[in-house]
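Below is one structure, written out as structure tokens, with a few remarks after it.
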Amino acid sequence: HPSVVLAVVPSAATGERAAAIAAAARGLKGTLLIGQAVDGGEPPPSAVPEGIECLLVRLGSDALPHEAWRDAAPSLPMVAWRPGSVRQGSDRRGCDVLQADLAAWGLAGGTARPAWDWAGYVVV
């Protein structure tokens, strides 16, 4: 079965630097995705550097995304990223909590279904 590896460009990288990193990684591609970390406490970025294939939306320990993310129509897959501890083995509790928190956030205001789905959840 195919596996995917995600390389994360730090949020501090300029758009030009992020595009250069993504271009340099093209030869390694295969199942490698190039993502860029963004601050979920801020509104979504107005532009994404060329070659970036997904966004890792960093959230604080118990934080939810900035309200502007709710109506953002993502052009790229978005992975929610929250700090936490993971025990050895298959401890998914942190991801389960993050997924539930984001589902409740997406349904706030009485909508029947969130406007979009998260591509994944990371807790580390």
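Do we find that Ala115 is at pLDDT below 90, aliphatic (A, V, I, L, M) and within 21 Å of Leu55 (Cβ to Cβ) in this structure? Give the derivation first.
Numbers: at pLDDT below 90: yes; aliphatic (A, V, I, L, M): yes; within 21 Å of Leu55 (Cβ to Cβ): yes.
The answer is yes for Ala115.
Within segment 10-57, which residues are of a type in the set (Asp, Glu) and either in a helix (DSSP H, G or I) or at positive phi (or both)? If you could, list the steps in order and put the result at the bottom.
Filtering segment 10-57 down to residues of a type in the set (Asp, Glu) leaves 16, 39, 42, 50, 53.
Glu16, the sole residue that qualifies.
Condition check: assigned to a loop (DSSP other than H, G, I, E, B), buried (at least 16 other Cβ atoms within 10 Å of the Cβ) and of a type outside the set (Gly, Ala, Ser). Does Pro114 satisfy that?
Numbers: assigned to a loop (DSSP other than H, G, I, E, B): yes; buried (at least 16 other Cβ atoms within 10 Å of the Cβ): no; of a type outside the set (Gly, Ala, Ser): yes.
Judged against the criteria, Pro114 is not a match.
Restricting to segment 58-82, give me the number of residues that are outside any loop (DSSP other than H, G, I, E, B) and either in contact (Cβ under 8 Å) with a residue 60 or more places away in the chain or not aliphatic (A, V, I, L, M) (or both).
Matching residues across segment 58-82 total 6.
Looking at Val4, is it exposed (fewer than 14 other Cβ atoms within 10 Å of the Cβ) and either hydroxyl-bearing (Ser, Thr, Tyr) or closer than 19 Å to Trp81 by Cα (or both)? Before you say what the answer is, go through the steps one by one.
Working: exposed (fewer than 14 other Cβ atoms within 10 Å of the Cβ): yes; either hydroxyl-bearing (Ser, Thr, Tyr) or closer than 19 Å to Trp81 by Cα (or both): yes.
When the stated conditions are applied, Val4 passes them.
The values are calculated or read from the model by the stated rules, or taken from the named source; none is laboratory data. Computed from a prediction, not measured in an experiment: that's the story for all the values here. Every residue, glycine among them, receives a Cβ derived from its backbone with ideal geometry; neighbour counts consider all protein chains shown.
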